[in-house]
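A quick write-up on the structure given underneath.
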Amino acid sequence: MSLTVTDLSYSYGAKTALSQVSFAVPEGRFAALLGPNGAGKSTLYGLLTGLFSAPSGQIRVAGHDLARNPRAALAVMGVVFQQPTLDLDLSVRQNLRYFAALHGLSGRDRDRRIDAALDRLAMRARAGEKARDLNGGHRRRTEIARALLHDPRVLLLDEPTVGLDAAARSAITDHVHALARDTGLTVLWATHLTDEVLPGDHLVLLHQGRVLASGTASALHGTTPLRDWFLSRTAVPA
Amino acid sequence: MSLRPWLIAFRAITAREALRFVHQRERFLAALVRPLVWLLVFAAGFRAALGLSIIPPYQTYITYETYIIPGLCGMILLFNGMQSSLSLVYDREMGSMRLLLTAPLPRWFLLFSKLCGASFISILQVLAFLAVAAAFGIVLPLWGYVAVLPALLIGGLMLGALGLALSSFIKQLENFAGVMNFVIFPMFFLSSALYPLWKMAESSPLLRDICAVNPFTHVVELIRFALYLQLNLAALGWVLLTALVFMALALWGYDPARGLVRRKG
């Protein structure tokens, strides 16, 4: 298992955000963390990236315990945040260089990795453009390319398609599915949109801070369309 | 363990601060104009009202303009320290702080690198200010321009650490105007930047005592003595001590278990 979350609980004061969350993503799989707004997805991502820590529960990333050995866990983790994190005054390449340096990469090795990641996301031609001049889809692609620079084992994306138009959304969803399929990268993709989930994906259903279901998507929803299954499982009694 | 990744990251974080500064020319101009207005307008008017006696490190009577030069250097450091913490609050909302904090290096080192970057920028601004002041005839001992560099670095780090600590306790940008009013102005006016402490004591011993514990006073005095090639040990000790306290506070504020970085949504 590449990413294991065990009994994770978290609350903001009296308000419980996550309650005994447990799930595991097998190596090389695309896992969709599906949940409506307010399900606790962003809180979970805050915990997964070590931005803040939970008083109870455990997170293991490629075998590294995030609480005990945060630097080893962060070193094998690529993150695409929900908030935009590009420096708009810098070019695509400069943004990637800055991130590479944060991971201790420099020189020719760094440049080779940057070119490879940009190729992978079909962004090489735009390497010299300022981030400010890119559209939303290309900014997201830049952020995904950036998250791949240090060859992470696990890629975490927090609602990466928010604010994108339909074409850019489906292009990015396809790109990341292909990454998991072709390179054996483990992906955790948070979303509230069921059309971003493919039948073969691993699916974790999060609702009101609890994991309601976890397994292969097609096995979970069976013959019911995923959208209907999702709505029926997360329906809040009026 | 290799030091190389640390050095690479340090260089990148400081360079990013510098680049950001290059992209904000208005900020540079504002930082330069502010102390110059004080020097050329305020000081000129105030000179007649205030008689200065000879106090260390000065060996002769000095003009009021000469007296407030170190205080105005300190003002640049103070404004920059607070402004870079403003940018931290902004960074946090924009997510680039998240990016920084997920780098596989200790958090204290990442935050310290950011502080160093901001301090380097402050030093450049102070040097630009001193150059303009020299053009207006306020010339200091030549080696003073070199000796002041470490004083500026330490003072910049201390005030940056204060800003960092404040930024970890401020949830939103809107609250920042209050910090400007309640931190920058009291720190600046209740210090030896504009008037020497003995002058302050003439009107109120209590005010003098407040000024004497204000860490900003010690930054100003450290700079003042360094400009005249002297070391004010008491000021140095005081600045280092407060720098450590503020840095510890900042680290506590950014501690993941305390979770002040967390924001819902």
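The values are calculated or read from the model by the stated rules, or taken from the named source; none is laboratory data. Predicted model, so just to flag it, every value in this text is computed and none were measured. All Cβ positions, even for glycine, are placed from backbone atoms using ideal geometry, and neighbour counts span all protein chains on display. These accessible areas exclude ligands, DNA and RNA; they are computed on the full protein's heavy atoms, side chains included. Shrake-Rupley method; radii C 1.70, N 1.55, O 1.52, S 1.80 Å.
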Roughly how many Å is it from the Cα centre of the stretch B:105-162 to that of the stretch A:138-163, as a whole number? 37
Test item: A:40-50 mean partner chain Cβ contacts at 10 Å: 3
As I understand it, the value is the acute angle between the Cα axis of helix A:92-102 and the longest principal axis of the Cα atoms of chain A; what does it come to in degrees, rounded to 10? 70
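Plugging the Kirkwood radius over Cα pairs into Stokes-Einstein for the protein assembly as shown, at a temperature of 37 °C and a viscosity of 0.692 mPa s, what D comes out in µm²/s? Intermediate values should be presented prior to the final figure.
On the way: Rh = 25.1 Å.
Roughly 131 µm²/s, to the nearest whole number.
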Given H placed 1.01 Å from N in the peptide plane, which residues other than close sequence neighbours of A:Val79 have an amide H under 5 Å from its amide H? A:Leu156
Sorted by chain and number, the residues with a modelled amide H under 5 Å from that of B:Ala103, at a separation of 5 or more or across chains, are none
Magnitude of the Cβ-charge dipole (Lys and Arg +1, Asp and Glu -1) of the stretch A:91-151 about the Cα centre, nearest 20 debye, reported as 120
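Using square roots of five times the C-alpha gyration tensor eigenvalues, list the equivalent-ellipsoid semi-axes of the stretch A:126-238 in whole Å, biggest first. Could the numbers behind the result be given before it?
On the way: eigenvalues 164, 55, 31 Å².
Computed over the stretch A:126-238, the values are 29, 17, 12 Å.
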For chain B, build the charge dipole from Cβ charges (+1 Lys, Arg; -1 Asp, Glu) around the Cα centre, then report which of B:Met200, B:Leu100, B:Gly71 sits farthest towards its positive end. B:Leu100
Give the average, rounded to an integer, of partner chain Cβ atoms located within 10 angstrom of each Cβ in A:91-103. 5
The rounded separation in angstrom of the Cα centers of the stretch A:1-61 and the stretch B:216-249 is 45
Obtain the nm distance between the two label points defined at B:Leu142 and B:Leu231 by a simple spin-label model: each point lies 7 Å from its Cα along the Cα-to-C-beta direction. 2.4
Could you grab the relative contact order for the stretch A:68-169? Cα pairs under 8 Å, six or more apart, rounded to a whole percent. 45
Would you mind computing the Rg to Rh ratio of chain A from its alpha-carbon coordinates, Kirkwood style for Rh? 0.97
³J(HN,Hα) across the stretch B:247-256 via Karplus (A = 6.51, B = -1.76, C = 1.60, θ = phi - 60°), whole Hz, x for Gly/Pro? 5, 4, 4, 5, 5, 5, x, 9, 5, x
Using only the alpha-carbon atoms, how far is helix B:64-94 inclined from the longest principal axis of chain B? Give it as 0 to 90 degrees, nearest 10. 10
The ³J(HN,Hα) series, computed from each phi in the stretch B:133-139 with the Karplus coefficients 6.51, -1.76 and 1.60 at θ = phi - 60°, rounded to the nearest Hz and given as x for glycine or proline, is 4, 5, 5, 8, x, 9, 9
Using the Cα centre of the protein assembly as shown as the reference point, and only Cβ charges (+1 on K/R, -1 on D/E), how large is the resulting charge dipole? Debye, rounded to the nearest 20. 320
Enter the angle in degrees (range 0 to 90, nearest 10) between the Cα long axis of helix B:215-227 and the first principal axis of the Cα atoms of chain B, meaning the one along which they spread out most. 60
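Considering Cα pairs under 8 angstrom that are at least six residues apart, work out the relative contact order of chain B and quote it in whole percent.
25
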Using a simple charge model, +1 on the beta-carbon of Lys and Arg, -1 on the beta-carbon of Asp and Glu, nothing else, what dipole does chain B show about its Cα centre, in debye to the nearest 20? 860
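What percent do you get for the relative contact order of the stretch A:91-151 when only Cα pairs under 8 Å and 6+ apart count? Please report the intermediate quantities before stating the final value.
Values: 52 pairs, mean separation 30.6, N = 61.
Over the stretch A:91-151, the number comes to 50 percent.
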In Å, the Kirkwood hydrodynamic radius from C-alpha pairs for the stretch B:4-253 sits at 18.6
10 Å Cβ neighbours from other chains, averaged over peptide A:161-168: 0
Farthest positive-ward along the stretch B:4-253 dipole, Cα basis, beta-carbon charges - from B:Ala134, B:Leu240, B:Phe185: B:Leu240
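Would you work out what percent of the accessible area of the protein assembly as shown, with all protein chains in place, is carbon or sulfur (probe 1.4 Å)? Kindly include the intermediate steps, with their values, before the conclusion.
Values: 12940 of 21110 Å².
Heavy-atom surface of the protein assembly as shown belonging to carbon and sulfur, 1.4 Å probe: 61 percent.
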As a test of reading the structure, rank B:Trp143, A:Trp189 by solvent-accessible area (1.4 Å probe, protein chains only), most first. B:Trp143, A:Trp189
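At a Förster radius of 51 Å, what calculated FRET efficiency corresponds to the Cβ-Cβ distance of B:Thr60 and B:Leu3, to the nearest 0.05?
On the way: r = 48 Å, r/R0 = 0.95.
That gives a FRET efficiency of 0.60.
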In the stretch A:91-151, with Lys and Arg counted as +1 and Asp and Glu as -1 at Cβ, which of these residues, A:Ile114, A:Leu149, A:Gly128, has the Cα nearest the positive end of the dipole, that is, farthest along it? A:Gly128
